[in-house]
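Here the structure is laid out as structure tokens; the discussion comes afterwards.
All of the numbers you see were taken from the coordinates with simple rules; none came from a lab. In this text the structure is predicted, and so the values were computed from the model without any measurement. Using ideal geometry, Cβ is built from the backbone for each residue, glycine included, and neighbour counts are taken over all protein chains shown.
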Amino acid sequence: MKRPLKTLAAAAVLGTLTLAAGCSGEPVSFDTPAATAASPTARGDAHAGRDAGKNGDPADGAAARTLLPTGPRAEFTEANTVEDGTKIAVTTLEGRKSGFTGQVWVWAPPQYFEPRYAKSGFPVLIALPGGNGYPKNYWMGTDLKLQSSISRWSKEGRSLPFIVVMPVLNPDDTHYYDGSDIPGREKMGTWMTEDVPDFVKANFRTFTSRDGWAFMGSSSGAFVGLKSVLKHPEKFKAVIASGPDTVPDSPLWAGHEAEKQANNPEKLAEALSKQPSDPARDVYIAFQIGSEESGLQNLRSFMDTYGKGPVKTRLEVIQGGGHNARSYVRGMGDGSIEWISQHMQAPVPAP
């Protein structure tokens, strides 16, 4: 059941106000420095996370498999400026596979523009909001300090320097689509797991393997991120799921029970957990929940039941935290983002 989102809605309003106040509409480019072929021997450094690529993952000791931008290039305009001077930009994406058209906001960390990383891909974090997530994704606002926090954590060695991608979550502000291809509706599952990643690959230096792809989200966005990773472990490796539901509950599923269960994180986790652990399909789920919100027992039950085999889990209980985005950013800094960073591919500087 979708929980009340008063604080998350307030965050969305703040993000919208930040957009109105800070958006210049000026063109933004992510083409500097010029992308060049990846080095076969370079490795990550402290700015990319001290333990990145450890724990027996395919990224451990391996050359970074960089994918240069494939094109076609999108046209970005400035939406906000982060306190370190980096830009949050926005574009309109016409989903070739889903047929859905919506806005996507993007941010690249300072390291992305450093010449020593010109040969390297960067890990991607698809950030999803709570509530309807339409027409804005509230993570595009600077008030929640997601981007500035990642910038700081990466310099402290507590996070990878993620590219943050913030698509709209739903096609309207009336219904929840559970990030799924509900029959007869907009194909939001295809939008989120195919069109959005394809767009990122077209415009940014990324990695060819799933070691460079993760989700994070709040509430309804956490559900979508959780479900996407469990449904596509071959594409995505990790998720920070904050205050999530763990079963689909959109009323739009009526009459489509089989399809609904095919998008049920509990069913997906059950099936995956029965397989042997394998570095090629292990997924890392960092649950977060505020100590002042409901749902803790449900997450513990999920972890106890399905946290085995390829399903690796962690729980961050945010002391004094509520069901809101600000609490969840705090929880990320308390350990969640460092944990997923340890299992993902770091960018690699030139030797």
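Name the shape class, rounded, prolate or oblate, that the alpha-carbon gyration tensor gives for region 76-341, where a ≥ b ≥ c are the square roots of its eigenvalues, rounded holds for a/c under 1.5, and otherwise prolate holds if a/b is larger than b/c and oblate otherwise.
Rounded, because the longest to shortest axis ratio a/c is under 1.5.
Give, as ranges by residue number, the residues of region 282-303 whose backbone N falls under 12 Å from the point 7 Å along Cα→Cβ of Q319.
Answer for this model: 291.
Take the alpha carbon atoms of region 283-351, find their center, do the same for region 122-197, and report the distance between the two centers in whole angstrom.
The two parts, judged by their Cα centres, are 16 Å apart.
Give the separation of the Cα centroids, region 230-251 to region 105-120, in Å.
28
Only Lys, Arg, Asp and Glu count, each charged at its Cβ (+1, +1, -1, -1), so figure out the dipole size of region 165-302 about its Cα centre, rounded to 20 debye.
480
Give the residues of region 179-196 whose amide nitrogen is closer than 18 Å to a point set 7 Å from the Cα of D249 in the direction of its Cβ.
Inside the label zone: 179-180.
Using label points projected 7 Å from each Cα along Cα→Cβ, tell me how many nm separate R152 and T70, to one decimal.
3.7
How much of the DSSP bridge set in region 160-314 is antiparallel, in percent, rounded to the nearest 5?
5
What is the dipole size for region 76-341, taken about its Cα centre, with +1 at each Lys and Arg Cβ and -1 at each Asp and Glu Cβ, in debye to the nearest 20?
Result for region 76-341 is approximately 740 debye, rounded to the nearest 20.
Once you've got the Cα coordinates, tell me which of K87/K201; K97/K119; K201/K308 are over 23 Å apart.
In this structure, K97/K119; K201/K308 lie more than 23 Å apart at Cα.
What net charge do the residues around S327 carry, taking every other residue with its C-beta under 12 Å from that of S327, with Lys and Arg at +1 and Asp and Glu at -1?
Once positives and negatives cancel, what remains is -2.
When you count, for each residue, the other Cβ atoms within 10 Å and take the mean per peptide, how do 197-204, 80-87 rank with the highest first?
197-204, 80-87
Antiparallel versus total DSSP beta bridges in region 76-341: what percent is that, nearest 5?
So the antiparallel bridges amount to about 40 percent of the total.
Collect residues whose amide H, placed 1.01 Å from N in the peptide plane, falls under 5 Å from the amide H of V28; neighbours closer than 5 in sequence don't count.
F76, T77, E78
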